[in-house]
Amino acid sequence: MSKKLVVSLSPHIHNGDTIQSNMKGVLIALIPALAVSLLYFGLADLYIILTSVLSCIVLEFVINKYLFKSDRLTITDGSAALTGLLLALNLPSGLPLWMVILGAAFAIGVIKMSFGGLGNNLFNPALMGRVFLLISFPAQMTTWPVNEWASKAIDGASGATPLGIMTGVLNHAPGVSLDQLPSAWEMFIGTTGGSIGEMSALALLLGLVYMIWKKVITWHIPITIIATAFIFAEILHLVNPIMYADGLSQILSGGLMLGAIFMATDYVTSPMSFKGQMVYGVAIGLLTIIIRVWGAYPEGMSFAIIIMNGFTPLINTYIRPTLFSSLPKKVG
Amino acid sequence: MNVILIAVIALGFIGLVAAVILYAASKKFAVYEDPNIGKINEVLPQANCGGCGYPGCSGFAVACASGPDLQGKFCTVGGQKVMDDVAKIMGFEAIATDPKVAVVRCNGSCEHRPRTSQYDGATSCAIAAATYGGDTDCSYGCLGCGDCVDACQFDAIHMNAETGLPEVDDSKCTACGACVEACPRDIIELRYLGKRNRRIYVSCVNEDKGAKTRKECSVGCIGCGKCFKECPFGAITMKNNRAYIDYEKCKLCRKCVVVCPTHAIVEVNFPARKPKLAVTEAVKPAAPATKAPATSSTKAK
Amino acid sequence: MLKTFSIGGVHPEGNKISAHQNIRQAELPKQAIILLGQHIGAPAKAIVKRGDEVLVGQKIAEAGGFVSAAIHSPVSGKVAKLDTTIDASGYRKPCIIIDVQGDEWVDTIDRTPDLVTETALDSKEIIDTIKEAGIVGMGGACFPTHVKLMPPPGNTAECLIINAVECEPYLTADHQLMLEHAQEILIGVKLLMKAIKVNKTYIGIENNKPDAIELMTKVASKYAGVEVVPLKIKYPQGGEKQLIDAIINRKVGSGKLPISTGAVVQNVATAFAVYQAVMKHKPLFERVVSVTGRSVAKPSNLWARFGTPLSQMIDECGGLPEDTGKVIAGGPMMGKALPTLEIPSAKGTSGILIMQEKESRRLEIQDCIRCGKCIEACPMGLEPYLIIAQAMKQEWDKVEKDSIMDCIECGSCQFTCPAQRPITDYCRLSKAKVGGILRARAAEARAASESSKK
């Protein structure tokens, strides 16, 4: 026979899942959030998104080609584009573009590629980019432009974010009280201020549903984060309703949804086993509220995730999946 | 002023206490170590390859320092020179050992051994060997995935893209044996480097019957036994349909090379033959180690 | 809610192309090549020599040890020679080559289609008959059946589980066998129950074979203690440990035999073979083979004698398609890819799967992105991503600590890996390496205890 047969060990079939398809799944899941932000902020944030995505891709390409001298084209796997997009979604609309480029450079260059590229980084690049910018340029990073669309539609929407109000209350700022918080519904559909991507909890939840449906991620991390944050905030609220905002406002405000759904679920920096993922999720939920309530920054999500990223290797070492042979041997 | 003074005094006091503790600890927990171990360790190449059979260079140093002599102890990386140094340190008699080199005993290049299937599994000889007999009909020959190359920490073995076989660089090979371990087919063997780097070996380990071997590979050993009859020194043994040349007995006379009908016996670094005998030169070894100068192997680090 | 196993598992596409194709007799080969190692354990020892005349069903090789099985001639003719041939493992193995002449059967074999329902044999006699007939597990692992029917001391069989799951994609041999021979299978089940002295049997069938479930339930209702259990579709449900978990909810411990849970698992085709051996005096020399694949002209289920070259069976089903890339003996998840088609069929050849060139190639391997999908898929609760990483660095001690010996090599991890990493390849390698280390350690311990006795 002239034809040479292909030989390899089994399995001989694959479910067709690739890194690209997973990254694409996340990108598609972000579409509702993107649409909402474009609707609210217009072209201004389109520039930020494009700058961020492009600079991430270009940078990864350059580092891979000229620093690693690798022939493999890693940018085609879509992870660089995703990092860029997630970084942009974590920035306030109206941020100077050079800052966006700086953040992208830090995310890709320092956090991702210096560890060896996709799969080897310890921290979530997009989040580290954001935190880097937040610490370097606190003023610009917390200047929320007025939500144009919302201010036209709903009279009197201001630049003050729900988180700003909560922090104000906690710091006993004059004239600020929790009554000024927008209603849960407003926060849910997203007519309040915030970063590009954290506007509408509804849009983000749509993304979550899509990703779970497409099996890009499992429910463990996002649900445990949201549930823990809600329960913890609710307890605090019961203790002192004047000082502490209620659970619903906490989970719907700021970057909690965006973080829980898109940032904490990053494959590379989250634990591997379901049990580990749940521990990670609970810890992030608790840390977020702790930082929000007792920390110096109004937003605790980024820091909570980054802290837990650091604990991920430890979680992987100590929280392992249960062996089939050690499952309870019940007789039924 | 006062603050600075307090700081200086406080720090100085802490330093003093720490120094006393450290001194006490170093006295109390001191472990006696044979100073020779340290000295030997210094002359060893620190490759930690395990080629000597001990766990790394320090393990070898301990063994040298504790043994009654250096019998059976040899640092393949450092070679004779290092062993002479070790002997000097210990006051033992230096034992002369002939240097060895790794030899790839398969000549089944793409041209000699036709491919009959395509291997598509993980790039690992061990896994390819677990999968099947290999992408040629010969289930004894080189699989070409380069486990030996990965195992070598001296950069002495490389895959030749043209032949699909690994080639050993004599000048870099330290005969540590890592590639011998790594090869799932036991193709690689440590043999004497030989005078002026000259070696003769059967470059085939195929144990199939002659007729099958012929179909599988044009340069395979068919076990005809001609070399066995020809060898004047009794260095060749026939077993499982293949010939093997004992490098301890071989006197490099080259008579076997001439009679081998399939050119499975390979000679390395010999001068060209007279035209009458030039027939065998038609088949060059797939791993020509030409660059190596005569004495370089002991100098390699 | 249908039953299934507790953790892990994947859902490959069924692709049961050859389903509902009636089983037809494959042509006799001109020359039968009968391997001596068609089962797990010691290879059989040939008891014929060159020039001997043999009949169909005549014993030509006897068991080479306790864990071994006899081999009977599948054809009649003259022994041409004892030689070696490449088998599904890809290596040359000893075999007997018989030049086929006619089709003369040993006259004790009952060739009528009549159903025989009663036998006077007792438990031990049944097991002896099974052993004599050379019956092995027909699911693919080929473990000699009589060994499984004799639980080691300290274990007692409580129930029999019949594996009719056929969770491998493409394969339809067991499905079709159930549709055509349900009566015989259940008599075989009865015999097995008698052999191991239990009065409860579960027949596990995956829910993608509703007709088989219906038919088997109907036939089984006539037999006391036999229950058909429909199972949720999930791979690798046909794995012995998974099947026991799915049906009776007991877990086989690490390093333990399945019998430790009190269950004896037998394949449905084995039950049929037992019926033929005990009731019809017909030893095992043929089986149902699915010849299938997307490009195959006539996907079929064939009754093929062992020793028939696979190329001949493929020709009978429309020949090897132009776009063939890979030919697999068995299913796509655990089958062996073949380097040549001149390999003879054997007791474990449940199917021949011909894959198109475009489905045959693995994609480029990328770095692990730590997504954890392999952990999700692993039915044994292992961490495949860790095992491959350590195996690549040859850290066998760590791999051993990570319970590699629990691995059942089902391929779920590699099937699901988005980075296309050859995880199962490395798991197999690790198992072999760690197995070697464990054996060496055991031998050392034995030697040490012996020397201390002296």
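A few comments on the model shown:
- Positions within the range A:299-330 being part of a helix (DSSP H, G or I), of a type outside the set (S, T, N, Q) and open to solvent by 40 Å² or more (accessible area, probe 1.4 Å), in sequence order: A:Phe303, A:Ile307, A:Phe311, A:Pro313, A:Leu314, A:Tyr318
To keep it simple, each residue is scored yes or no on (1) closer than 28 Å to C:Gly154 by Cβ; (2) part of a strand (DSSP E or B); (3) open to solvent by 10 Å² or more (accessible area, probe 1.4 Å).
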position: C:Val198; (1), (2), (3): yes, no, yes
position: C:Leu215; (1), (2), (3): no, no, yes
position: C:Lys218; (1), (2), (3): no, no, yes
position: C:Glu227; (1), (2), (3): yes, yes, yes
position: C:Ile247; (1), (2), (3): yes, no, no
position: C:Val252; (1), (2), (3): yes, no, no
position: C:Lys282; (1), (2), (3): no, no, yes
position: C:Ser290; (1), (2), (3): no, yes, no
position: C:Lys298; (1), (2), (3): no, no, yes
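- Scanning the range B:80-103 for residues that are touching a helix residue (DSSP H, G or I) at 6+ places or on another chain (Cβ under 7 Å) and buried (at least 23 other Cβ atoms within 10 Å of the Cβ) yields B:Val86, B:Val101, B:Ala102.
- Tabulated pairs, the range C:70-99, first surrounded by fewer than 22 Cβ atoms within 10 Å (Cβ to Cβ), second among the hydroxyl-bearing types (Ser, Thr, Tyr), C-beta under 6 angstrom, 6+ apart or interchain: C:Tyr91/B:Ser139; C:Arg92/C:Thr84; C:Pro94/C:Thr84
- Of the set (1) among the β-branched types (Val, Ile, Thr); (2) farther than 27 Å from B:Ile89 by Cα; (3) in the same structural domain as B:Val82 (by TED's automatic domain parsing), all apply to B:Ile40 but (2).
- C:Arg428 meets each of the listed conditions (1) outside any helix (DSSP H, G or I); (2) closer than 30 Å to C:Met313 by Cβ apart from (1).
- For the range B:130-163, taking the residues that are open to solvent by less than 20 Å² (accessible area, probe 1.4 Å) and small (Gly, Ala, Ser), the one that is farthest from the other protein chains (Cβ to nearest Cβ) is identified as B:Ala156.
- Any hit, the range A:243-264, residues being surrounded by fewer than 19 Cβ atoms within 10 Å (Cβ to Cβ), of a type outside the set (Asp, Glu) and either over 29 Å from A:Trp213 (Cβ atoms) or without any contact (Cβ under 8 Å) to a residue 60 or more places away in the chain (or both): yes
- The range A:13-36 - residue that is part of a loop (DSSP other than H, G, I, E, B) and within 14 Å of another protein chain (Cβ to nearest Cβ) and, of those, surrounded by the most Cβ atoms within 10 Å (Cβ to Cβ): A:Ile13
- Residue count for the range C:364-381, restricted to those that are touching a Ser or Thr at 6+ places or on another chain (Cβ under 8 Å), more than 7 Å from chain A (Cβ to nearest Cβ) and either outside any helix (DSSP H, G or I) or without any contact (Cβ under 8 Å) to a residue 60 or more places away in the chain (or both): 3
- Tabulated pairs, the range C:242-260, first at the interface with another protein chain (Cβ under 8 Å from one of its Cβ atoms), second open to solvent by less than 50 Å² (accessible area, probe 1.4 Å) and basic (Lys, Arg), C-beta under 7 angstrom, 6+ apart or interchain: C:Asp245/C:Lys251; C:Val252/C:Lys241
Every residue, every condition in (1) open to solvent by 40 Å² or more (accessible area, probe 1.4 Å); (2) more than 14 Å from chain C (Cβ to nearest Cβ); (3) farther than 18 Å from A:Glu198 by Cβ; (4) modelled with pLDDT of 90 or more, yes or no:
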position	(1), (2), (3), (4)
A:Leu43	yes, yes, yes, no
A:Leu46	yes, yes, no, no
A:Leu50	yes, yes, yes, yes
A:Val58	yes, yes, yes, yes
A:Ala80	no, no, yes, yes
A:Leu95	no, yes, no, no
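- Looking only at the range C:397-412, and only at residues there that are open to solvent by less than 40 Å² (accessible area, probe 1.4 Å) and more than 9 Å from every other protein chain (Cβ to nearest Cβ), the one that is nearest to C:Met333 (Cα to Cα): C:Cys407
- Taking the numbered list (1) under 22 Å from C:Gln276 (Cβ atoms); (2) among the aliphatic types (A, V, I, L, M); (3) outside any helix (DSSP H, G or I) in turn, C:Ile185 passes all entries but (3).
- On the stretch given as the range C:265-279, residues that are of a type in the set (A, V, I, L, M, F, W, C) and within 11 Å of the chain's Cα centre (by Cα) total 2.
- One residue stands out in the range C:332-355 among those that are within 14 Å of chain B (Cβ to nearest Cβ), touching a residue at least 24 places away in the same chain (Cβ under 8 Å) and not in a loop (DSSP other than H, G, I, E, B): the one that is nearest to C:Ser89 (Cα to Cα), namely C:Lys336.
- All positions within the range C:1-45 that are open to solvent by 20 Å² or more (accessible area, probe 1.4 Å), assigned to a strand (DSSP E or B) and either under 17 Å from C:Ile135 (Cα atoms) or within 14 Å of chain A (Cβ to nearest Cβ) (or both): C:Lys3, C:Lys45
- Checking C:Val106 against (1) at pLDDT 90 or above; (2) within 26 Å of the chain's Cα centre (by Cα); (3) surrounded by fewer than 19 Cβ atoms within 10 Å (Cβ to Cβ), the condition it does not meet: (2)
- Note on the range A:65-78: among residues that are of a type outside the set (Val, Ile, Thr) and within 25 Å of the chain's Cα centre (by Cα), the one that is farthest from the other protein chains (Cβ to nearest Cβ) is A:Gly78.
- Just so you know, in the range B:1-53 the residues that are free of Cβ contacts under 8 Å to residues at least 24 places away in the same chain and of a type in the set (D, E, K, R) include one that is farthest from B:Asp84 (Cα to Cα), and it is B:Lys28.
- Top-ranked residue in the range C:440-454 [being farther than 14 Å from C:Trp396 by Cα, in a helix (DSSP H, G or I) and among the basic types (Lys, Arg); ranked as most open to solvent (accessible area, probe 1.4 Å)]: C:Lys453
The values are calculated or read from the model by the stated rules, or taken from the named source; none is laboratory data. The structure displayed is predicted, hence computed values, not measured ones. We place every Cβ from the backbone using ideal geometry, glycine too, and count neighbours over all the protein chains shown. Side chains included, ligands, DNA and RNA excluded: accessible areas come from the protein's heavy atoms. Shrake-Rupley method; radii C 1.70, N 1.55, O 1.52, S 1.80 Å.
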